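First comes the structure, then the notes that go with it.
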Amino acid sequence: AEVEQTYIMIKPDGVQRGLVGEIISRFEKKGFLLKGLKLYQCSKDLAQEHYKDLKDKPFFPRVVDYITSGPVVCMAWEGDGVVASARKLIGATNPLQAEPGTIRGDLAVRTGRNVVHGSDSPDNGKREIALWFKEGELSQWESVQIPWLIE
Ligand code: DAT
Ligand code: MG
């Protein structure tokens, strides 16, 4: 798989429920590389831009209210095939349908409180990282684990 970057965001319920460490741990333990990280309270404009593909859905205003209701944890993760793999780690949109072992399957019960976001394509990964992080907020570093993760 190609080296890609994905935008992962712990939503306000994940922060309020004290799940930040647990959620970050899952991506760390899998073997992906953390390239950007911040706690951030976003504007309505940014939330609307982030979810622009959903703007005609009836639940769009609720999704925007939810994501702006408190601080979120913004992350950029890198790795081989990280976009699709992170979606699998996160699980189905509706946490009641998400498999046990996934973040949503283990930690949530409602679509409207599904604790985490992950980009759905490499192009959206790039778009969302550019949207949520400013120039200079991402770190370029090489993990010492790489020779033990990739043969
Ligand atoms: P995902 O977050 O799994 O990529 P999505 O991009 O289709 O799902 O939708 C973005 C968010 O919008 C989702 O995490 C929760 C909310 N949402 C999606 N479908 C919904 C629905 N049918 N009713 C209420 N909220 C919904
Ligand atoms: Mg989505």
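The values are calculated or read from the model by the stated rules, or taken from the named source; none is laboratory data. Worth saying up front: this structure is predicted, and the values here are computed from it rather than measured. Cβ coordinates were reconstructed from backbone atoms using ideal geometry, including for glycine residues, and neighbour counts include every protein chain displayed. Surface accessibility is based on the protein's heavy atoms, side chains included, excluding ligands, DNA and RNA. Shrake-Rupley method; radii C 1.70, N 1.55, O 1.52, S 1.80 Å.
Can you work out the accessible area per residue across the stretch 75-151, with the rest of the protein chains kept in place, probe 1.4 Å, in square angstrom?
61
Too long at a 18 Å Cα-Cα cut-off: which of K11/K44; K35/K134; K29/K88; K35/K126; K57/K126; K38/K134? Each step should come with its number before you reach the end.
Numbers: K11/K44 14 Å; K35/K134 13 Å; K29/K88 14 Å; K35/K126 13 Å; K57/K126 24 Å; K38/K134 11 Å.
As for pairs spanning more than 18 Å Cα to Cα, those are K57/K126.
If a paramagnetic tag sat 7 Å from the Cα of R127 along the Cα-Cβ line, which residues of the stretch 78-106 would have the backbone N under 18 Å from that point?
Those under the cut-off are 83-84, 87.
Within the chain, which is the longest segment that contains none of the trypsin sites (Lys or Arg not before Pro) sitting in a DSSP loop with at most 16 other Cβ atoms within 10 Å?
Free of exposed loop sites, the longest segment is 56-109.
Calculate, in nm to one decimal, what D80 and E22 gain on full extension: separation in residues at 0.36 nm each, minus their alpha carbon distance.
Contour length minus the Cα-Cα distance gives 18.7 nm.
Looking at the stretch 15-77 from every direction and averaging, what is the projected area of its Cα convex hull in nm²?
So the mean shadow area of the Cα hull is 4.9 nm².
For the pair L54/W141, report the inter-label distance in nm, with labels modelled 7 Å from Cα in the Cβ direction.
With each label placed 7 Å out from Cα toward Cβ, I get 3.2 nm.
Of all the accessible heavy-atom surface of the chain, with the other protein chains kept in place and a 1.4 Å probe, what percent is carbon and sulfur? Could the numbers behind the result be given before it?
Details: 4460 of 8660 Å².
Of the solvent-accessible surface of the chain, carbon and sulfur hold 52 percent.
Starting from the residue with the highest accessible area, list W148, W77 in decreasing order, probe 1.4 Å.
The residues order as W148, W77, largest area first.
Taking 7 Å along the Cα-to-C-beta vector as the label spot, tell me the K134-L46 distance in nanometres, rounded to one decimal.
1.0
Just reorder S85, S69, S43 by solvent-accessible area, largest first, 1.4 Å probe, all chains present.
On the way: S85 25, S69 80, S43 60 Å².
The ranking, largest first, comes out as S69, S43, S85.
How about the stretch 100-149: which GluC sites (Glu not before Pro) there lie in a loop by DSSP and see at most 11 other Cβ atoms within 10 Å?
Filter output for the stretch 100-149: E135, E142.
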